[in-house]
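Below is one structure, written out as structure tokens; the observations come after it.
Bear in mind that the values in this text are calculations on the coordinates, not laboratory data. Keep in mind that what you see is a predicted model, and the values were worked out from it rather than measured. Cβ placement follows ideal geometry from the backbone for every residue including glycine, while neighbour counts extend to all protein chains displayed.
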Amino acid sequence: MFNPRAWLSLSALALSALVQAQPPEFKPFAVRYEVQWRGIQVGTSDLELKAADESGVFEYISRSNARGIFHIVFSDEITQTSRFVLREGRVQPLTFRGDDGSPSTEKDVSLDFDWAASRVKGVSENKPVDLALKPDTQDPMSVQVHLMLALLSNQAPKTVWLADKDEVKEFLYTDEGTRRIKTALGELDTVVLASRRPGGNRITRLWFAPSLGFVPVQAQRTRDGKVEFTMTIKTLKR
């Protein structure tokens, strides 16, 4: 059965930011991905990176919309928004908001990061959250910027800690080498990263294109080797 929460999670994993290596520089962008659920086209995900204000805070936004018969059931736009800063070249999330678009707050997430106290607090699915932060903990959106900066410095991460809902989760990353793939933007050389929870049977793969500043051009999640979601880039505007 199509799961909008899973779609939202995968959408969050599809990064689109233009970063230059010396020094890292973020520029406004708009990217659209086409989403398939087990081979069926179910909708689109739009991603946007922009400066939130003049103080160095960035905002990274994901908007996912169903279409066709899926729009009848999931008519609301699903959004995720991360506000973050760069400190000494590292991504430091400030706030994360997840909204399934419905009037209900049962699936919404609101997290605030207090780095001075090393705590993340908020509300997840109507339950209070108060968790200890590990160094470089990311939210479901800022983690994508974290990955991109790591690839730019040729230091693909082995482990990433993620504040997800009411838990700080560990994800293991594997560099699966390079692949040349066909996309709506043409044939592109990519670097492939795979992530999973320790002992987990779900694997998420991201295909990053170095020629596009390591913008991921494809994402896919499998469970027990079977493909659940696939996202492919359709447009990129800078």
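Descriptive notes on the structure:
- Eligible lysines near Lys169 by straight Cα distance, threshold 22 Å, same-chain separation 8 or greater: Lys107, Lys121, Lys127, Lys134, Lys158
- Peptides ranked, highest mean first, by Cβ atoms within 10 Å: ranges 147-154, 60-67, 224-231: 60-67, 147-154, 224-231
- As a calculated quantity, the FRET efficiency between Asp76 and Asn154 at R0 = 45 Å, using C-beta atoms, amounts to about 0.65.
- Here's the picture: a label point sits 7 Å out from the Cα of Arg238 along the beta-carbon direction, and within the stretch 30-45 the residues with their amide nitrogen under 12 Å of it are 30.
- Charge tally in the Cβ shell below 13 Å around Val123, where Lys, Arg are +1 and Asp, Glu are -1, Val123 excluded: -2
- In terms of packing, defined here as the mean over residues of other Cβ atoms within 10 angstrom, the peptides 91-102, 125-136 line up highest first as 91-102, 125-136.
- Rg/Rh (Cα only; Kirkwood hydrodynamic radius) as it applies to the stretch 4-237: 0.94
- Förster radius 35 Å - calculated FRET efficiency between Lys127 and Lys226, Cβ distance, rounded to 0.05: 0.65
- In nm, spacing of pseudo-spin labels at Lys182 and Ala30 (7 Å Cα→C-beta vector): 2.8
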